[in-house]
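Data block below; observations after.
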Amino acid sequence: MASPWEGISRHRFLSPHYDDIPLSCGGTVARIAASGVPPEIVVIFGSEPDPTSALSAFADAHHQQWGLNAAEVIASRQSEEAAAARILGGTPRTLPFHDAIYRDHAYTRNEQLFGETTPGENDLPAAIVRSLDLGDTPDPQLRLYAPLGVGCHVDHQHATRAALRLVHAGWDVWFYEDLPYALIAGALPRRLDALTAAVNLNLAATVDVAATWDAKISAILAYRSQIVPVFALAGLHQPTPAAIDEVMRRYAVGRGGTTLVEVFWQISPPTSGHRSG
């Protein structure tokens with residue numbers, strides 16, 4: 001059977017935040033790395049908060065939940081990202097954009113964080129594309145991987161929109177199922193239904209990650225500050241390593257039927273039979 005990345009010599013995984021790639025497609029990253037091609041993991045919203053601006057109470061609450069203070073939060077999260085990347089065999093990089101909780105007090109409660117993006121950020125997807133510095137001509141040997149937008153976190157929405165711009169420009173983009181949000185009952189079907197109503201959505205690949213599963217779980221566990229809040233979203237309030245492995249394994253087998261898999265999708269512009277969205 002042909003490799004799902006046959007003919008592709010470069011792989012760039014777009015991660016809205018620190019931890020999204022190991023959670024969503026870490027097994028695939030490890031498989032690619034094992035083939036001798038170190039993938040690049042690009043964290044989009046990972047830059048330092050503006051030191052001249054006071055943080056919102058919402059941001060402070062996140063820091064308290066993570067067990068970190070404002071002065072150390074980014075350095076600590078970058079250290080976690082670097083540790084996870086070493087486990088998977090990827091190369092991390094961070095773009096110059098702030099997490100939503102740090103952006104001009106635009107998102108100060110969960111309803112906003114998982115709601116509509118603020119109109120003042122309409123240009124953000126285009127800025128993300130520019131920051132990737134890909135050039136004007138699509139490279140047929142480069143594949144990009146981006147979030148499908150499950151869960152509707154505003155930063156994931158911006159990342160998905162940036163990736164759709166790349167699709168329209170002719171780049172090869174595969175969309176991964178955002179975890180932990182896809183662990184929430186009904187979240188993935190709702191997102192797939194919304195996309196199907198607006199664009200052409202096709203299965204790109206179902207990647208068997210049984211051989212790299214242990215590396216994926218080890219990489220997830222490297223994010224010590226995030227374990228509790230991440231898995232609380234999926235209703236797991238005692239996230240021991242064994243419990244994390246079980247809930248992730250249940251999802252992966254559920255997507256593959258008999259083995260552990262990570263699923264990727266391709267999106268193309270709508271035809272006349274689809275309404276625009």
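The values are calculated or read from the model by the stated rules, or taken from the named source; none is laboratory data. Quantities reported herein were computed from a predicted structural model and do not represent experimental measurements. No Cβ is skipped: glycine too gets one built from the backbone with ideal geometry, and neighbour counts run over all protein chains shown.
Points worth noting:
- From the options ALA210, ALA243, ALA219, ALA252, residue that is closer than 18 Å to ILE32 by Cβ, surrounded by 13 or more Cβ atoms within 10 Å (Cβ to Cβ), more than 19 Å from the chain's Cα centre (by Cα) and not polar (S, T, N, Q): ALA210
- Total residues in the stretch 127-139, condition part of a helix (DSSP H, G or I) and either over 18 Å from PRO96 (Cβ atoms) or of a type outside the set (Val, Ile, Thr) (or both): 4
- Single condition PRO39 does not satisfy, out of (1) under 24 Å from ALA252 (Cα atoms); (2) out of contact with any strand residue (DSSP E or B) (no Cβ under 7 Å at 6 or more places or on another chain); (3) modelled with pLDDT of 95 or more: (2)
- The stretch 40-74, subset closer than 15 Å to ASP99 by Cα and of a type in the set (Val, Ile, Thr), residue farthest from the chain's Cα centre (by Cα): VAL73
- Within the stretch 140-190, the set of residues being buried (at least 21 other Cβ atoms within 10 Å of the Cβ), assigned to a strand (DSSP E or B) and charged (D, E, K, R) comprises ARG143 only.
- The stretch 66-85, residues that are modelled with pLDDT under 95, part of a helix (DSSP H, G or I) and over 14 Å from GLU48 (Cβ atoms): TRP66
- Residues located in the stretch 90-119, provided they are buried (at least 18 other Cβ atoms within 10 Å of the Cβ) and among the acidic types (Asp, Glu): ASP99
- Cβ separations smaller than 7 Å between residues 6+ apart or across chains give the following pairs from the stretch 167-195 residues that are farther than 21 Å from GLY115 by Cα to residues that are of a type in the set (D, E, K, R): ASP172/ARG143; TRP174/ARG143.
- Taking the conditions (1) of a type in the set (Ser, Thr, Tyr); (2) over 30 Å from TRP265 (Cβ atoms); (3) in contact with a strand residue (DSSP E or B) (Cβ under 6 Å, 6 or more places away or on another chain) in turn, SER47 satisfies each one other than (2).
- Taking the criterion of being in contact with a helix residue (DSSP H, G or I) (Cβ under 9 Å, 6 or more places away or on another chain) and not polar (S, T, N, Q), the residues of the stretch 40-60 that qualify are ILE41, VAL42, VAL43, ILE44, PHE45, GLY46, GLU48, PRO49, ASP50, LEU55, PHE58, ALA59.
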